[in-house]
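Structure record follows, encoded as structure tokens.
The values are calculated or read from the model by the stated rules, or taken from the named source; none is laboratory data. Note that the structure is a prediction, hence the values are computed from the model and not measured. Positions of Cβ are backbone-derived with ideal geometry, glycine not excepted, and every protein chain shown enters the neighbour counts. To get the accessible areas, we keep the full protein, side chains included, count just its heavy atoms, and leave off ligands, DNA and RNA. Shrake-Rupley method; radii C 1.70, N 1.55, O 1.52, S 1.80 Å.
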Amino acid sequence: MSKKHIVVDPITRIEGHLRIEAVIDENNVIVDAYSASTMFRGIETILQGRDPRDCGLLAMRICGVCTGTHYQRSIEAVEDAFGVTIPKNARIVRNLIQGALYVHDHLVHFYHLHALDFVDVVSALSADPAKTVVEAKKWATVAGVNPYIDGESEFKAIKERVANFVKQGRLGIFGNGYWGNKHYKLTPEQNLIGVAHYLRALDIQRDLAKMQAIFGGKNPHPQSIVVGGVTCVQDIENPARIALFKQLLADGTKFVKEAYLPDVYMAGTVYADEATDSKATFTELMEGKGVGGTGGGLLNYMSYGDFRLDDTGFYKAKTLFPSGIVYGGDISKVQDIDQNKIAEDVTHAWYEGQKPLHPYDGQTIPHYTGLDKRPDGIAYLKTAEKYSWIKAPIYNDTRVEVGPLARMVIGVARKDERITKYVTNFLKRGNLPITVLFSTVGRTAARAIETELMADIMVEWADELAKNAASGDLTTWSEFDFDKVSVKTKGMGLAEAPRGALGHWVRIENGKVANYQAVVPSTWNAGPRDYKGRMGAYEASLIGTKVANPEQPLEIIRTIHSFDPCIACAVHVVDTKGKELGVYKIDTQCSI
Amino acid sequence: MNKKIAIIGSGNAFFKDEGVGLYAVKYIKENYDFSAEIEFVDGGTLGFLLMPLLQEFEEVIIVNTASEDGLSVGKIMVKSCNEFLDGTLIKKTANEVEIAEMLQICSMADHMANTTLISIVPQDIISVEVGLSEAIRSVWSEYIKTILDVLQKCGIEVVESKKNLSLEEILYTFANPSIEHRRGF
């Protein structure tokens, strides 16, 4: 039996980023997979001994995308430790800053980091602009809207623009694709729609980024959040600021509804067979169950919950995204999260440690044992031993997936009215069963559903803020006696980032940070095997996937991208003999 | 001159030499006065969130690291965006990867700032601390002068502000940001 070993590895250095090793059988089906981060990030150590009020300023440098989310989460961990409940204005402002980040981040992910896994740019050059208008109308109609771009001349101009890029050799980011790979299934007209929206999304994201700055203060790092509340009272007082926020939001929402969602229907429908091909799922193979499709993976979904909707305080308030955990894709049951059941295991990670530890007791002691350099000249992960700088987080002794899909699944399982409505509408319009969500395509669709939901609810929040300020309530900060509350305490900021469950845990003694740990979304998803040899979410999602051409592992990249990986990475492809077959770069966002 | 100029310090301030671009931009912001308004940007580890700056400003200067085998530590390079993207892409840190990809995506937009990258080859990007290796410290003056030269080429007059903030004081600010003491970028 000739199994091939595919290595997906950073180009330049071992301290690099994300590496995937996959073993494929004679039918090119992935039978084993390993996810590794080859970069050490010991940033938590830098927080020890600090004034807890300043942790946010340090924590925000952890990541290059969710900088504002780490900033806020860190501040909330300290607020939890101090027993501080922030005022209404502060709660809404924080929701608006984070909500704007979600919409910006999801849009950039779909168009600029993920779309080219579906859209073949070169094929778009042979599209007929007149037919493209008809095609765009078709998918917009499925979404119940008019198309964002509906003119033949505009599609023609975009086609010429792309042709010019090609002629000038200026394909830039488009230059890395596997154009022509038979796993690209869209028609030339569908590809042209995708490219047109890719280019338009560049302008839209610029305006969405401005929204974050309205209440976030100094761009690009938000600085208006402090322990106890927010500092941007002048922006709350000024109706013009809230009006500007709403205007930018309206423009962005139009694009989300008229371009993003129709495009997801288009790609989702073309790849629908994969989304329900349960024979290809990890669960089918491993446990004999069959839900979902290619890329489904663990089917255990977890959300800490986030976006407080009232002012009763942490872990008491009703939240936009409910918290909970669903096992095995069974949405008829949902369990509460008990944060005491969170632990990090380092059996297969390059750290010292004997048993899984709760983050309050977490340690970050590096213990690098290297790769296995074989005679073929290629260094392989020592998969039986330690093989990643990412720890393996465990909840209640199981591995889980986090992210937009998890939030939508938990929302539906909780019978949350708003989330159920958005998910049901999406599926109904496309005539799709809910099980399609448990797949690579479904993960991408769930992110789009969440984007629409977030864009819509932010209008309500902006109005609520304006109304509250108009009523004369301009309170933005809750007072606390630092010397009294910081003697000996601990707290946690457990909520969601665009990529999933994000937790910061802090122990405070005599006014200083005694221990600090962060468990980030990509740790949950990209972690290696645990002490029982169970796979992490990335690893499990690859099992059963058929790779059309092992020299162009487009399917691996598409599934990994569907998680919106937070690890900058690049890819080498080699076979078992160590011969380099090709090089592919994964485009990603933040890094930890 | 009415050019809208932004200068972005880029890198992770906690990984020693990787923070050199951030330290340099802060150092210049504190120690010099300029004949026109300049936007000093704490680019930190941001990648794609910097795209709006490239779309809104006329001139953008990115000060970062460029880890390339074969080039000596402390070597300083000034490149246009096209030269940067056309050359061997030097991408060891997560941030170097993102900056390159962000520039590639931006080059597809209708408007993109005239972009210059000032990159220095770092020595230690592994240690988790705020600081600079001796090799980088030894070229610090030359490095700052290179950045000021680029600003002058953009039509900006530069004079020392006599604040005389030392590199050590700048590093202290990064290592000890404080809300209470308003100590930050």
Give me a count of the residues in region A:33-42 that are facing chain B (nearest Cβ under 9 Å) and either modelled with pLDDT of 85 or more or touching a strand residue (DSSP E or B) at 6+ places or on another chain (Cβ under 8 Å) (or both).
2
Checked region B:54-74 for anything out of contact with any Ser or Thr (no Cβ under 6 Å at 6 or more places or on another chain) and at pLDDT 85 or above; matches are B:L54, B:Q55, B:E56, B:F57, B:E58, B:E59, B:V63, B:T65, B:S72, B:V73, B:G74
Could you grab me the full set of residues in region A:318-350 that are more than 30 Å from A:A275 (Cα to Cα) and touching a residue at least 24 places away in the same chain (Cβ under 8 Å)?
A:D338, A:Q339, A:K341, A:I342, A:A343, A:E344, A:D345, A:V346, A:T347, A:H348, A:A349, A:W350
By residue number, the members of region B:1-48 that are within 11 Å of chain A (Cβ to nearest Cβ), at negative phi and in a loop (DSSP other than H, G, I, E, B) are B:N12, B:A13, B:F14, B:T45, B:L46, B:G47
Please state which of the following conditions A:Y422 fails to meet, knowing it meets all the rest: (1) touching a residue at least 40 places away in the same chain (Cβ under 8 Å); (2) assigned to a helix (DSSP H, G or I).
(1)
Of (1) more than 30 Å from A:S224 (Cα to Cα); (2) outside any helix (DSSP H, G or I), A:V441 satisfies every one except (2)
Determine which single condition A:T85 fails, assuming it passes every other condition in (1) open to solvent by 10 Å² or more (accessible area, probe 1.4 Å); (2) closer than 23 Å to A:S522 by Cα; (3) hydroxyl-bearing (S, T, Y).
(2)
If you take the residues of region B:1-44 that are free of Cβ contacts under 8 Å to residues at least 40 places away in the same chain and more than 24 Å from A:I46 (Cβ to Cβ), which of them is surrounded by the fewest Cβ atoms within 10 Å (Cβ to Cβ)?
B:N2
Residues of region A:493-511 being open to solvent by 30 Å² or more (accessible area, probe 1.4 Å) and in a strand (DSSP E or B), which ones?
A:R507, A:E509
When residues of region B:114-153 are filtered for being part of a loop (DSSP other than H, G, I, E, B) and within 16 Å of the chain's Cα centre (by Cα), how many remain?
7
Just for region B:132-145: of the residues that are free of Cβ contacts under 8 Å to residues at least 40 places away in the same chain and among the charged types (D, E, K, R), which one is surrounded by the most Cβ atoms within 10 Å (Cβ to Cβ)?
B:R137
Is it the case that A:A77 is buried (at least 24 other Cβ atoms within 10 Å of the Cβ), closer than 23 Å to A:V519 by Cβ and more than 14 Å from chain B (Cβ to nearest Cβ)?
yes
How many residues are of a type in the set (S, T, N, Q) and either surrounded by fewer than 16 Cβ atoms within 10 Å (Cβ to Cβ) or in contact with a Cys (Cβ under 6 Å, 6 or more places away or on another chain) (or both) when one looks only at region A:361-401?
2
Matching option when the condition is within 29 Å of A:E555 (Cβ to Cβ), in contact with a helix residue (DSSP H, G or I) (Cβ under 9 Å, 6 or more places away or on another chain) and open to solvent by less than 40 Å² (accessible area, probe 1.4 Å), among A:L186, A:L248
A:L186
I'd like the residue in region A:547-565 that is modelled with pLDDT under 85 and open to solvent by less than 10 Å² (accessible area, probe 1.4 Å) and, out of all such residues, is nearest to the other protein chains (Cβ to nearest Cβ).
A:P565
Looking at B:M77, B:M51 in this structure, which one is out of contact with any Pro (no Cβ under 8 Å at 6 or more places or on another chain), modelled with pLDDT of 85 or more, facing chain A (nearest Cβ under 7 Å) and not in a loop (DSSP other than H, G, I, E, B)?
B:M51
Looking for something at pLDDT below 90, under 19 Å from A:P220 (Cβ atoms) and either of a type in the set (A, V, I, L, M) or open to solvent by 10 Å² or more (accessible area, probe 1.4 Å) (or both) - is there at least one such residue anywhere in region A:49-58?
yes
Could you please let me know if A:R19 is within 14 Å of chain B (Cβ to nearest Cβ), open to solvent by 30 Å² or more (accessible area, probe 1.4 Å) and modelled with pLDDT of 65 or more?
no
Could you tell me which residue of region A:137-169 is farthest from the other protein chains (Cβ to nearest Cβ), considering only residues that are touching a helix residue (DSSP H, G or I) at 6+ places or on another chain (Cβ under 8 Å) and at pLDDT below 90?
A:V166
Among the residues that make up region A:527-546, is at least one of them within 24 Å of A:E76 (Cβ to Cβ), in contact (Cβ under 8 Å) with a residue 24 or more places away in the chain and surrounded by 22 or more Cβ atoms within 10 Å (Cβ to Cβ)?
yes
So, in region B:159-174, of the ones that are surrounded by fewer than 17 Cβ atoms within 10 Å (Cβ to Cβ) and in contact with a strand residue (DSSP E or B) (Cβ under 8 Å, 6 or more places away or on another chain), which residue ends up nearest to the other protein chains (Cβ to nearest Cβ)?
B:S161
Residues (open to solvent by less than 10 Å² (accessible area, probe 1.4 Å), touching a residue at least 24 places away in the same chain (Cβ under 8 Å) and not polar (S, T, N, Q)) located in region B:100-131:
B:E101, B:M102, B:L103, B:I105, B:C106, B:A113, B:L117, B:I118, B:I120, B:V121, B:G131
Here the qualifying pairs (Cβ atoms under 7 Å; residues six or more apart or on different chains; first in region B:150-166 and touching a residue at least 40 places away in the same chain (Cβ under 8 Å); second open to solvent by less than 30 Å² (accessible area, probe 1.4 Å) and part of a loop (DSSP other than H, G, I, E, B)) come out as B:I156/B:A36
Can you pull out the residues in region A:200-217 that are open to solvent by 10 Å² or more (accessible area, probe 1.4 Å) and either of a type in the set (A, V, I, L, M) or more than 8 Å from chain B (Cβ to nearest Cβ) (or both)?
A:R200, A:I204, A:D207, A:Q212, A:A213, A:G217
